[in-house]
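Novice: What follows is a single structure, and I will ask about it in a moment.
The values are calculated or read from the model by the stated rules, or taken from the named source; none is laboratory data. Remember, predicted model here, so these are calculated numbers, not experimental data. Backbone-built Cβ (ideal geometry, glycine too); neighbour counts: all protein chains shown.
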Amino acid sequence: MPVTTRPVTIRDVARQAQVSVSTVSRALTAPELVRAETRVRVLEVAHRLGYQPNPAARSLITGRTGNLGIVVPDLGNPFYPGVMRGAQASARESGRSVFFCDSGGSARQEAALVRSLAPQVDGLVLCSPLTGGAELAELVALRTTVLLNRPLPGVSSVLMDSRSGAEAALARLARLGHRRCAYLGGPDESWTNGERLAGLRSGAGEHGVELRALGPFPPSFAGGELGADEALGTGVTALVAYNDLMALGALQRLRERGVTVPDRMAVIGFDDLLYSAVCHPSLTTVALPMEEGGRAAVRELLARLAGEPPSTRVLPTSLRVRASTG
């Protein structure tokens, strides 16, 4: 008769590691709640015995799914895949799985996704630039949540310092002799858009530069083309775009109009996408820590799930000077 081998159970691991079943469960699903040496011993025994946790049973015992959810507004924007890579790396290090969702830039779709995800995950990271404050407060009440580039009282957030980046961009233009600049704005509802405009205005006041705020424009390549068209009639000699996609669109439109960059018009973006270094002319941009933002958001979410109070972390940005400004 064939010999059958029963599957290794959590009780087998507990017996060999000389700990309780609940300790094994915590070591595998909530390691922050277990002493490091105990977790190492449990993991060594589990690996030696070939233990494979049953996700359904684990969820029933711990009340946790082992899953995290991340909602972004536009996977077509290369900024967000960078964030997602960082988030997935941090989640993997902690033994979590990640569900990624794209709201398509729709506040209504974002709300529907959050309500659908909430019962299936332990916590959420929301990149929510457009949802109104009152509705956002309702959504974050459904599950432990960390917001990326969006502050909300009482909720953890990871912010990228767009304001100081905008100030650095304006200072660079002033040093090059520009006295009339335009900002090609993104969505009015976007907190990040407001921070960038505030930084530019602060820098313009400090350096005696006239700043014209144009838009809002769609935060896309086509939006940059529209913004450049409008800016060409204003007499400005420099453009700062809401993001790199818009800046790339502006470069294309200026090329079509016979406006040389940077001789007749300087251009600066935000993000530091890969395309920004390889386009012609290469794009001066405020570099944002995309992957680190995703990593930090997941780390903050895990801290909240472990009982830590809400906190806000601000990540620094830096100006990458390239050919589009000289």
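Novice: Filter region 271-324 for residues that are of a type in the set (S, T, N, Q) and touching a Lys or Arg at 6+ places or on another chain (Cβ under 6 Å); which is surrounded by the most Cβ atoms within 10 Å (Cβ to Cβ)?
Specialist: Taking region 271-324 first, the residues of a type in the set (S, T, N, Q) are 276, 282, 284-285, 311-312, 317-318, 324.
Checking which are touching a Lys or Arg at 6+ places or on another chain (Cβ under 6 Å) leaves us with 282, 284-285.
Numbers: SER282: 16, THR284: 25, THR285: 31.
Checked region 271-324; the qualifying residue surrounded by the most Cβ atoms within 10 Å (Cβ to Cβ) is THR285.
Novice: Another one. State yes or no: is SER220 under 28 Å from GLU135 (Cβ atoms) and either of a type in the set (S, T, N, Q) or modelled with pLDDT under 95 (or both)? Before the answer, list the steps.
Specialist: Numbers: under 28 Å from GLU135 (Cβ atoms): yes; either of a type in the set (S, T, N, Q) or modelled with pLDDT under 95 (or both): yes.
Yes: the conditions hold for SER220.
For (1) among the hydrophobic types (A, V, I, L, M, F, W, C); (2) in contact with a Cys (Cβ under 9 Å, 6 or more places away or on another chain); (3) more than 30 Å from ALA141 (Cβ to Cβ); (4) assigned by TED's automatic domain parsing to the domain that holds VAL121, each residue gets a yes or a no:
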{"position": "SER220", "(1), (2), (3), (4)": "no, no, yes, no"}
{"position": "GLY249", "(1), (2), (3), (4)": "no, no, yes, no"}
{"position": "VAL259", "(1), (2), (3), (4)": "yes, no, yes, no"}
{"position": "SER311", "(1), (2), (3), (4)": "no, no, no, yes"}
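Novice: With respect to ALA222, determine if the residue is within 23 Å of TYR275 (Cα to Cα) and surrounded by 24 or more Cβ atoms within 10 Å (Cβ to Cβ).
Specialist: Numbers: within 23 Å of TYR275 (Cα to Cα): yes; surrounded by 24 or more Cβ atoms within 10 Å (Cβ to Cβ): no.
No.
Novice: Here is a list of conditions, (1) part of a helix (DSSP H, G or I); (2) over 21 Å from ALA89 (Cα atoms); (3) not hydrophobic (A, V, I, L, M, F, W, C), and PRO309 meets all of them except one; can you say which number that is?
Specialist: If we test PRO309 against (1) part of a helix (DSSP H, G or I); (2) over 21 Å from ALA89 (Cα atoms); (3) not hydrophobic (A, V, I, L, M, F, W, C), just (1) comes out false.
Novice: May I ask you to list the residues in region 1-33 that are β-branched (Val, Ile, Thr), over 18 Å from GLY95 (Cβ atoms) and modelled with pLDDT under 75?
Specialist: VAL3, THR4, THR5
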